[in-house]
Amino acid sequence: MQNSTAFGSHPMVSLLSSCWELMGKFDTCALQHVYRERNVVADCIAQRSYSLDLGVCFLDMAPSWIGSSLVDDLLGVTRTRLVSVVSSCSVFLGVLHPPVHRKKKK
């Protein structure tokens with residue numbers, strides 16, 4: 001997503017291009033990867049999207065099936081994630097800590 005020329009033959013090139021165009025309308029825009037364990041609501045919605053028809057779906061309010069996940073995300077509930085440690089080829093059980101909210105500088 002950081003480089004618009006990398007879209008090339010991606011199967012969702014039109015969606016990525018639209019995102020890039022939207023990002024260009026802001027003075028400042030930064031992207032950061034967030035693991036699903038730190039944003040369970042987005043993961044729930046993404047998983048549910050597989051059962052929907054193609055097209056755009058607008059949610060006017062939080063669906064009931066994300067209720068507890070929404071509360072957990074808002075509270076910054078810590079979840080574990082298995083990650084592979086390449087150097088030793090072992091598995092490490094890591095803990096993701098809640099995000100730190102920083103005040104914006106003016």
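We did not get these values from a lab; they are worked out from the coordinates using the rules stated. What you see is a predicted model; the values in this text were computed from it and never measured. Using ideal geometry, Cβ is built from the backbone for each residue, glycine included, and neighbour counts are taken over all protein chains shown.
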Once a ≥ b ≥ c are taken as the square roots of the eigenvalues of the Cα gyration tensor of segment 7-46, is the result rounded (a/c under 1.5), prolate (a/b larger than b/c) or oblate (a/b not larger than b/c)?
oblate
Between Gln47 and Leu22, take the C-beta separation as r, use R0 = 25 Å, and let me know the FRET efficiency to the nearest 0.05.
0.55
